[in-house]
Amino acid sequence: MAGHIMLSYQWDIQHVVQKICDRLIADGLPVWMDVQGGVSGNINDAMAAGVEGAVAVCPFLTPAYQQSRNCKKELNYADSRQIAIIPIMIEKDWKASEWLGLITAGLLWIDFRHAERDQETFNKCVQSLEDEIIFNIGNLLTITNPELTDAVDTEVKSDLKQKPGRSFCHAIFGKYLWESGEQKYHPASATRNTVQLHDTPGENGYWEQIKGNGCYHYRNIVTNGYLGYDPNGDYVYTKANHFGAEEWLLLADDVSDSGERAVVIKNKYSSKFLAVVGGRLVGLNSYTENCRWILA
């Protein structure tokens with residue numbers, strides 16, 4: 001099956017992965033997972049079939065996965081083929097290191113640490129995974145009409161349509177990062193546009209994610225302005241070109257346990273966390289809940 005999403009996992013958690021796989025398939029996504037563990041044939045052939053037909057690989061991050069030679073071989077092969085990697089964090093109070101930490105460094109992992117707590121949390125986790133899959137490789141997938149089965153409830157289904165970019169909704173205030181279009185002059189970089197909080201994303205609240213050197217740039221899809229942060233004036237803006245102050249790190253919020261795509265946005269140049277305090281966008285030196293954003 002060409003153009004599928006490969007689920008890469010260590011055998012001990014097969015029951016969890018199978019449950020997730022069933023749900024993704026029921027929602028219309030093409031998914032591949034090895035349920036035989038290579039027993040029915042050569043394990044290298046099974047790995048090759050999964051990786052070579054994949055447009056994305058989702059590794060389930062656990063200590064056992066990191067220790068597995070076969071999992072290492074599988075993910076290294078996917079990485080060498082430049083296949084999109086969307087990590088899924090299963091283990092609580094643990095971070096990937098060694099070879100696995102190297103491959104997944106800088107990647108946004110999807111939080112399934114609390115997925116087994118209740119059905120509502122599981123639904124949120126699956127929706128977060130589906131949204132991230134669609135964001136990354138939605139244009140490469142053939143999505144079928146969802147099946148109405150016991151694995152899926154129509155009331156909790158995701159909208160599997162690719163959005164024009166990232167949108168960031170503040171977890172506490174429920175408002176979106178939004179470029180107003182209002183201009184202000186800055187002596188060092190000429191014209192800057194102001195960035196505010198808005199009730200809905202609208203078109204001005206979507207940002208194209210562009211990979212930089214160990215960072216991301218976020219360009220507004222309407223104005224083409226790059227998101228930046230001025231530590232001297234403590235304000236957020238956009239401008240026509242990107243330099244150091246327009247470099248960002250997008251990190252999973254490992255404090256959150258909601259199952260949503262909770263993230264922190266860190267300005268690489270200033271090392272400040274983008275936050276909302278008193279209804280205003282600011283930069284903070286250290287993490288608080290005011291730094292939590294939801295990818296909407």
Problem set entry | Value of relative contact order over segment 166-295, rounded to a whole percent, pairs C-alpha under 8 Å and six or more apart | 22
Exercise. Roughly how many debye, to the nearest 20, is the charge dipole of the chain about its Cα centre, given +1 on each Lys and Arg Cβ, -1 on each Asp and Glu Cβ, and no other charges?
Worked result: 1000
For this session: Could you order peptides 259-266, 60-67, 189-196 by the average number of other Cβ atoms within 10 Å of their residues, highest first?
Result: 259-266, 60-67, 189-196
Problem set entry | Value of [θ]222 nm, deg cm²/dmol, for the chain, DSSP H segments ≥ 4, -39500 (n - 2.57) each, nearest 500 | -6500 deg cm²/dmol
Exercise. Given the Cα-Cα distance of residue 107 and residue 19 and 0.36 nm per residue of separation, how much length would full extension add, in nm?
Worked result: 29.3 nm
Exercise. Which percentage, to the nearest 5, of the DSSP beta bridges contained in the chain is antiparallel?
Worked result: 75
Seminar exercise, completed: Among [x] 0.99; [y] 1.05; [z] 1.12, the value of Rg/Rh (Cα atoms, Kirkwood Rh) computed for this structure carries the label [x]
Problem set entry | Percentage relative contact order, segment 4-140, counting C-alpha pairs under 8 Å, at least six apart | 23
Problem set entry | Which listed pairs, of 72/175; 19/175; 184/266, have C-alpha distances above 31 Å, in listed order | 72/175; 19/175
For this session: Set the Förster radius R0 to 45 Å, insert the Cβ-Cβ distance between residue 82 and residue 161 as r into 1/(1 + (r/R0)^6), and round the FRET efficiency to 0.05.
Result: 0.95
Seminar exercise, completed: Restricting to lysines and to Cα separations under 20 Å from residue 268, and discarding same-chain partners fewer than 8 apart, the set is 211, 239
Exercise. Which ³J(HN,Hα) values, rounded to whole Hz and listed in residue order, are derived for segment 132-142 from phi using the Karplus coefficients 6.51, -1.76 and 1.60 in 6.51 cos²θ - 1.76 cosθ + 1.60 with θ = phi - 60°, glycine and proline given as x?
Worked result: 6, 4, 5, 4, 7, 9, x, 6, 9, 9, 9
For this session: Sticking with the crude label model, points 7 Å out along Cα→Cβ, report the distance from residue 72 to residue 254 in nm, one decimal please.
Result: 2.1
Seminar exercise, completed: For residue 188, placing the label point 7 angstrom along Cα-to-beta-carbon and taking segment 253-290, residues whose amide nitrogen sits under 11 Å are 270
Problem set entry | Extension gain from residue 94 to residue 173, taking 0.36 nm per residue of separation minus the Cα-Cα distance | 25.5 nm
Exercise. When only C-alpha pairs under 8 Å and at least 6 residues apart count, what is the relative contact order of the chain, in percent?
Worked result: 14
For this session: Could you rank the peptides 68-74, 80-86 by their average count of other C-beta atoms within 10 Å per residue, with the highest value first?
Result: 68-74, 80-86
Seminar exercise, completed: Taking the dipole of the chain about the Cα centre (Lys, Arg +1; Asp, Glu -1; charges at Cβ), the one of 145, 25, 169 that reaches farthest to the positive side is 169
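Read-outs: derived from the displayed coordinates by stated rules, not from any lab. Small disclaimer: the values here were computed from a predicted structure and weren't measured. Positions of Cβ are generated from backbone atoms using ideal geometry, with glycine treated the same way; all protein chains shown enter the neighbour counts.
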